[in-house]
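Taken together, the values in this text are just the output of simple stated rules run on the coordinates, not laboratory data. This one's a predicted model, so the numbers in the text were calculated from it and none came from an experiment.
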Amino acid sequence: MDSFEMISPREFTGILNRGELEDALVIDVRERMEWEYYHLEESILIPMNTIPGNLDQLPRDRKLYIICAHGVRSANVCYFLQEQGYEDVINVEGGMAAVAMLRGFQYD
């Protein structure tokens with residue numbers, strides 16, 4: 001199996017700021033409590049442990065940016081999605097902590 005793509009928090013934030021998501025989805029795999037504390041308006045919350053039961057919400061024909069708090073859970077979700085046949089999954093390195101810092105918010 002090929003390794004999934006990674007994107008730096010700076011590059012990902014640039015895509016968001018420039019409105020260049022196009023038809024891509026941002027999937028936040030943190031828990032609801034983390035989401036309520038701070039999240040991206042562009043993202044959809046699907047906690048990591050619920051991903052297997054929610055594959056119907058994840059289109060196979062669109063780019064999926066996967067984000068969590070620091071990049072570990074999102075990496076695991078990327079591996080899982082690849083095993084399920086998803087080809088265009090991208091892990092956001094550093095997760096919300098890194099993205100928040102670039103946006104001027106102290107996440108943790």
Ordered by residue, what ³J(HN,Hα) values in Hz, to whole numbers, does the stretch 7-14 give under the Karplus form 6.51 cos²θ - 1.76 cosθ + 1.60, where θ = phi - 60° and Gly and Pro are x? 10, 6, x, 5, 5, 4, 4, x
Return the sequence-ordered ³J(HN,Hα) values of the stretch 50-56 in whole Hz as given by the Karplus equation 6.51 cos²θ - 1.76 cosθ + 1.60 applied to θ = phi - 60°, using x for Gly and Pro. 9, 4, x, x, 10, 4, 5
